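Quick note: the coordinates plus some simple rules give every number you see, no bench work behind them. Being a predicted model, the structure only gives us computed values, none of them experimental. Quick reminder, even Gly has a Cβ in these numbers, built from the backbone with ideal geometry, and neighbours come from all protein chains shown.
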Amino acid sequence: MKLATLRTETGNSAVVITDDSAIEIDEVADVGALLGNPEWRAVAEAADGKVHALDSIEDAAWAPVVPQPSKIICAGLNYRKHILEMGRELPEYPTFFAKYPEALIGAFDEIELSPLSNAVDWEAELAVVIGKPVRNATEAEAEEAIAGYAVLNDVTMRDFQYRTLQWLQGKTFENTTPFGPYLVTTDEWTPGPTMKAVVDGDTVQEVSTGELVFSPAALISYFSQVVTLNPGDVIATGTPGGVGHARKPQRYLQNGSVLQTSIEGVGAQRNVAGLAG
């Protein structure tokens, strides 16, 4: 099953995606709200609202798949090659930081470049969306709590990130993080297929999503020791090698840059970077 959140003339609506249509789930504003219902699968399968032909949906209509998650937890340093290219050792424990909902944009929205940053980097990531409350979970329990997967790009202001030892300030600039367009449920997709990032026509990242140091279940299990993860919460599982900051010479997104992020079987994004204001 594929789920998404559409911006409609009357407000956001959660939709079920078929081969050629998006079917609104009546009185459910977005995928996060849908997942808050323990019977969300049955509710989605019974969707019988307004039908939109996929080829008629404008790019701007695709909202972040979960527009307002209560938590966006991001794993850093979770692909072997990226860890090594950043000059670090393989970690014993996951590295986590947070992102706020204001950072999220739709899969085809403009990435807002702040005039304060001169080092805006790309980070293609597999996002995991939680489908039921999970606390102090084993990895098996964590696996069962996954609703599905989506594409996310953790666009990062490197200059702000490295001003201090804490990364948050470089990771959550507003209107920078494309998320979606779809959530693909666990019965249809599991990690392994290829993730790719392309900048202005150049493939800059390409990796199997099965090469994570810490699996989605391991990340969820570990973080559930800290706090309860709720339906609609998002775990971004980390980026592979190929980021602009590690290149020689370094390369960053510029005004007008086109960033395309895709995961086979999950979805594809296309975002143009533009100066704020």
*Exactly one condition in (1) within 21 Å of Tyr149 (Cβ to Cβ); (2) buried (at least 22 other Cβ atoms within 10 Å of the Cβ) is not met by Ala42; state its number.*
(2)
*Return yes when Phe160 is surrounded by fewer than 24 Cβ atoms within 10 Å (Cβ to Cβ) and in contact with a Gly (Cβ under 6 Å, 6 or more places away or on another chain) and no when it is not.*
yes
*Pick out, from the stretch 135-231, the helices (runs of 4 or more DSSP H) lying fully within it that include 1 or more residues that are more than 22 Å from Tyr100 (Cβ to Cβ).*
139-144, 216-223
*Considering only the stretch 56-88, state which residues are under 23 Å from Val204 (Cβ atoms) and either surrounded by fewer than 16 Cβ atoms within 10 Å (Cβ to Cβ) or among the acidic types (Asp, Glu) (or both).*
Asp59, Arg80, Lys81, Leu84, Glu85, Met86, Gly87, Arg88
_Taking the conditions exactly as written (surrounded by fewer than 23 Cβ atoms within 10 Å (Cβ to Cβ) and within 22 Å of the chain's Cα centre (by Cα)), does Ala53 satisfy them or not?_
no
*Enumerate the pairs (first residue in the stretch 75-91 and free of Cβ contacts under 8 Å to residues at least 12 places away in the same chain; second residue anywhere and outside any loop (DSSP other than H, G, I, E, B) and β-branched (Val, Ile, Thr)) with beta-carbon separation below 9 Å, excluding pairs fewer than 6 apart on the same chain, so at least 6 apart or on different chains.*
Glu89/Ile83
_Condition check for Asn136: polar (S, T, N, Q) and out of contact with any helix residue (DSSP H, G or I) (no Cβ under 8 Å at 6 or more places or on another chain)_ = yes
*So, of the residues in the stretch 240-261 that are part of a loop (DSSP other than H, G, I, E, B) and buried (at least 22 other Cβ atoms within 10 Å of the Cβ), which turns out to be nearest to the chain's Cα centre (by Cα)?*
Pro240
*How many residues, within the stretch 9-20, are surrounded by 17 or more Cβ atoms within 10 Å (Cβ to Cβ) and farther than 13 Å from Trp40 by Cα?*
3
*Could you pull out the residue among Phe97, Phe108 that is surrounded by fewer than 20 Cβ atoms within 10 Å (Cβ to Cβ) and in a strand (DSSP E or B)?*
Phe97
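Yes/no per residue for (1) closer than 30 Å to Glu141 by Cα; (2) crowded, with 19+ Cβ neighbours inside 10 Å; (3) not polar (S, T, N, Q):
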position	(1), (2), (3)
Gly180	yes, yes, yes
Pro216	yes, yes, yes
Val227	yes, no, yes
Gly238	yes, yes, yes
Ile263	yes, yes, yes
Val272	no, no, yes
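Residues are listed down the side, and each one gets a yes or a no for (1) of a type outside the set (D, E, K, R); (2) within 15 Å of the chain's Cα centre (by Cα):
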position: Pro101; (1), (2): yes, yes
position: Leu104; (1), (2): yes, yes
position: Leu113; (1), (2): yes, no
position: Ser117; (1), (2): yes, no
position: Val120; (1), (2): yes, no
position: Leu126; (1), (2): yes, yes
position: Val129; (1), (2): yes, yes
position: Asn136; (1), (2): yes, no
position: Glu144; (1), (2): no, no
